[in-house]
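Peer 1: Let me begin by handing over the structure; questions about it come next.
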Amino acid sequence: MTTSATDILIAKEKKYLAGNYKSLPVVLTRGQGVWVWDVDGNKYLDFLSAYSAVSGGHHNTRIINALNAQLNKIDVPSRAFYTDILGSYAEKLCTFTGMDKMLPMNTGAEAVETAIKAARRWGYRVKGIEKDKARIIVCDGNFHGRTTTIISFSSDADYRADFGPLTSGFDLIPFGDVAALEAAITPDTCAFLVEPIQAEVGIKIPPKGWLRAVQAVCKKHNVLLILDEIQTGMARTGANFCFQHEIDKPDGLTLGKALGGGIYPVSAFLARQDVMDVFNPGSHGSTFGGNPIAAAIGLEAIAQMEDEKFSERSANLGEYLRNRLAAIQSPLIKEVRGMGLLVGLEIDSTFANARTVCENLMTHGLLCKETHETVVRFAPPLIISKEEIDWAVEQVDSVLTEMSR
């Protein structure tokens, strides 16, 4: 029996790579816009966009041109020297978000680690918390990354299992519960770190007005409000940043994923000046953070967001997608929820699990990913058209109909 290219390549990955991912059995080789192709020539609509990173689509000409133009000048000299682009990038990102200063990093987890360091040092040097007593409040169901410190405050046992000893200094409260936040605050609390929408746990959206109330509580108790918008930022939820649906700005903000245009790791921690000023030379750094390539890509990613009105597209097309999904008559659908083009389709576990739905959608040419067994996450590139959404929904309808028989 002949072994296919797909089987050979999957077997090679399984032989030589750590088994820390449970990928769908498709081997991708090319992408253009919202579409990708596998090694056998099959075409798929990417309805995940690398967990919101590929907002401008695959093989994004604007980002590629910005990358190549910068590569033809200078690549990575490190922060040991000034460059002619980093200041402009920092100015644009601060102006765009409304924050005072930024610290450039590479991955989302690095941005969160930076925020934790900043919050703790601010707690000691500005708020006056006793040395090594600072605490940060986080929420059940959070996902902020995979580093040892970050998994230490995850409520998911699988993320923490046998990775101890874990890092202390964090207090867990229910997501979306303002009263629980206020009750958890003590004189040693320096910050509340939270996602405005919990994407990884299944597109969990807090009650309307929650973020506004959270900001008031944090201001009342002199606690930093730090928002993780690595997945929800950069127009994903129908505004440039999710916090803009309710508040002016947080005290700290982490960004990543789409900031790199889908082709390069670019992240940042942004904050008000008194928070960022706790850093001094030698207290934090990154060899690649803020390099000219990252700066050029970040600038172009923001420019494309503005020029092509990504936030408006996300708001309008997201509502259209949710309405189309909600119109599907299937006993497998328990709920459709989301904001902008970040949508969760919750599957009734008495009929099926989300993994099986994703596997069947793959055979129909639609690529997406399950989260927490019962939810299918839909987060297509923001350049998607209504016609492409219609086609995607037709595949969802067809698969759910087949599975309900």
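Just so it is clear, none of the values below were taken in a lab; they were calculated from the coordinates. No experiment lies behind these values; they were computed from the predicted model shown. Neighbour counts are summed over all protein chains in view; Cβ atoms, including those assigned to glycine, are modelled from backbone coordinates with ideal geometry.
Peer 1: Test of the criteria: in the stretch 250-307, which chymotrypsin sites (Phe, Trp or Tyr not before Pro) are in a DSSP loop and have at most 15 other Cβ atoms within 10 angstrom of their Cβ?
Peer 2: Sites meeting the loop and neighbour criteria: none at all.
Peer 1: Report the antiparallel proportion of the DSSP beta bridges in the chain as a percent, rounded to a multiple of 5.
Peer 2: 65
Peer 1: Along the charge dipole of the chain, which of Ile384, Ile302, Phe279 sits closest to the positive end, that is, farthest toward it, with unit charges on the beta carbon of Lys, Arg, Asp and Glu (+1, +1, -1, -1)?
Peer 2: Phe279
Peer 1: Considering amide H positions built from the backbone, and no H for Pro or chain starts, which residues 5 or more places from Asp171, or on another chain, come under 5 Å of its amide H?
Peer 2: Ile136, Ile137, Val138
Peer 1: Can you bin every Cα-Cα distance in the stretch 74-307 into 10 Å intervals starting at zero and give me the percent of pairs per bin, rounded to whole numbers?
Peer 2: It works out to 8, 34, 38, 18, 2, 0, in whole percents.
Peer 1: Let me ask something else. After finding the eigenvalues of the alpha carbon gyration tensor for the stretch 220-351, what semi-axes result from the square roots of 5 times each, listed largest first in whole Å?
Peer 2: Each semi-axis is the square root of five times an eigenvalue, giving 33, 19, 15 Å.
Peer 1: Can you give the local net charge around Cys368? Use residues other than it whose beta-carbon is closer than 13 angstrom to its beta-carbon, Lys and Arg +1, Asp and Glu -1.
Peer 2: Neighbour charge sum, excluding Cys368 itself: 0.
Peer 1: Mind listing the phi-derived Karplus ³J(HN,Hα) values for the stretch 299-311, rounded to whole Hz, using 6.51, -1.76 and 1.60 with θ = phi - 60°, and x for any glycine or proline?
Peer 2: 4, 6, 4, 5, 4, 5, 3, 6, 4, 9, 6, 4, 5
Peer 1: Moving on. PRE reach from Asn316 (point 7 Å along Cα→Cβ): which of the stretch 348-388 fall under 18 Å by backbone N?
Peer 2: Zone members listed by number: 380-388.
Peer 1: Further, regarding this structure: Which percent, to the nearest 5, of DSSP beta bridges fully inside the stretch 74-307 are antiparallel?
Peer 2: Of those bridges, close to 40 percent are antiparallel.
Peer 1: Next up: In what order do Leu227, Leu93 fall by count of nearby beta-carbon atoms within 10 Å, going from fewest to most?
Peer 2: Lowest to highest Cβ neighbour count: Leu93, Leu227.
Peer 1: Charges at C-beta only: +1 for Lys and Arg, -1 for Asp and Glu. How large is the resulting dipole of the chain about its Cα centre, in Debye rounded to 20?
Peer 2: With only Lys, Arg, Asp and Glu charged at Cβ, the dipole is about 680 debye.
Peer 1: Moving on. Sort the stretch 140-234 into rounded, prolate or oblate with this rule: let a ≥ b ≥ c be the square roots of the eigenvalues of the Cα gyration tensor; rounded if a/c is under 1.5, and if a/c is not under 1.5, prolate when a/b is larger than b/c, oblate otherwise. List each step's numbers first, then the result.
Peer 2: On the way: a/c = 1.96, a/b = 1.28, b/c = 1.53.
Here the stretch 140-234 falls in the oblate category.
Peer 1: Given C-alpha coordinates of the chain, what is the ratio Rg to Rh with the Kirkwood estimate of Rh? Could you put the intermediate results ahead of the total?
Peer 2: Working: Rg = 21.5 Å, Rh = 22.2 Å.
Using only Cα positions, Rg/Rh for the chain is 0.97.
Peer 1: Right, next: In the stretch 56-131, what chymotrypsin sites (Phe, Trp or Tyr not before Pro) fall in a loop by DSSP, with at most 16 other Cβ atoms inside 10 Å?
Peer 2: On the way: sites: Phe81, Tyr82, Tyr89, Phe96, Trp122, Tyr124; in loops: Phe81, Tyr82.
Listed in order of number, the matching sites are Phe81, Tyr82.
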